[in-house]
Amino acid sequence: MRLKNGTIFLIFCIIILVLLLIFDKPYNEKWYYFLNNNYMVCGDDLDTYVNLIKKDSKNITNNVVSGFVVQFKYNENYIFVKIANLCEKTSKDHGISCSYSIEKAIAKETFRYAIVNTLTGKVDDFLTEQAFNEKIKDIDFSSDWIKTKPIPEGATFGE
C-alpha cells in the first residue's frame, strides 16, 4: 500500500505537534521568592539563573549578589546566600577558569557565601564557608536553608 503525499504530510504534522507538546515550553517564566525590605530571590523555571535582587523606591530591580544562588535563608535583618562557584583559579597560568556548569559546581560543592544586612544594605560577598561561619556565629538564626532547585515552595510566578 502506497501512501499519498497528503497522508505523509498529515502524519509528519501530527508527529511534530506531539513532539512540541512533549518537549517545548512556550516561554521561560520568572519566579520570585519575596523577602524583607524589598529583597527577593529571583529565578526562572529553566534554571538558567537565580539571583538575589532588590527593588528600589522607583521600582527598579538591582542585583545584590551576582551568581547562581543555590540556597538562602533569612530573618528580619539578614539574608544569607550560598552561591554556586562556577569559576576556579587555575595553576597552569594563574588565571581563572569559569567552565563549571551549575550541576557540576553543586556536585563538587564549590560554593561561596554572602551576607546581606537588609537594614543597612551592606553586603559581605565572596566568603569561604569558614569565613561565613565565623561572621554569623553571633547572629541568632533559627531558619533552615531554602533550596532554589527545585523552585522553592512559596515562590510566585510573574514578571
Ranking of Leu86, Leu52, Leu119 by count of other Cβ atoms within 10 Å, fewest first: Leu119, Leu86, Leu52
Pairwise FRET efficiency - Thr61 versus Ile136, Cβ, R0 = 22 Å, nearest 0.05: 0.25
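How much length is gained if the chain between Lys147 and Thr120 is pulled fully straight, taking 0.36 nm per residue apart and subtracting their Cα-Cα distance, in nm to one decimal?
On the way: separation 27, 0.36 × 27 = 9.72 nm, distance 2.53 nm.
So the extension gain works out to 7.2 nm.
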Spin-label model distance (nm) - Asn77 vs Ile14, 7 Å beyond Cα toward Cβ: 6.7
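Contour minus end-to-end for Thr7 and Lys30, with contour as 0.36 nm per residue of separation and end-to-end as the Cα-Cα distance? Don't jump to the answer; show the numbers that get you there.
On the way: separation 23, 0.36 × 23 = 8.28 nm, distance 4.08 nm.
Full-extension gain reported as 4.2 nm.
Computed from the coordinates by the stated procedures, all read-outs in this text should not be read as laboratory data. If you're wondering where the values come from, they're calculated on a predicted model, not measured in any experiment. Note: ideal-geometry Cβ built from the backbone for every residue, glycine included; neighbour counts use all protein chains shown.
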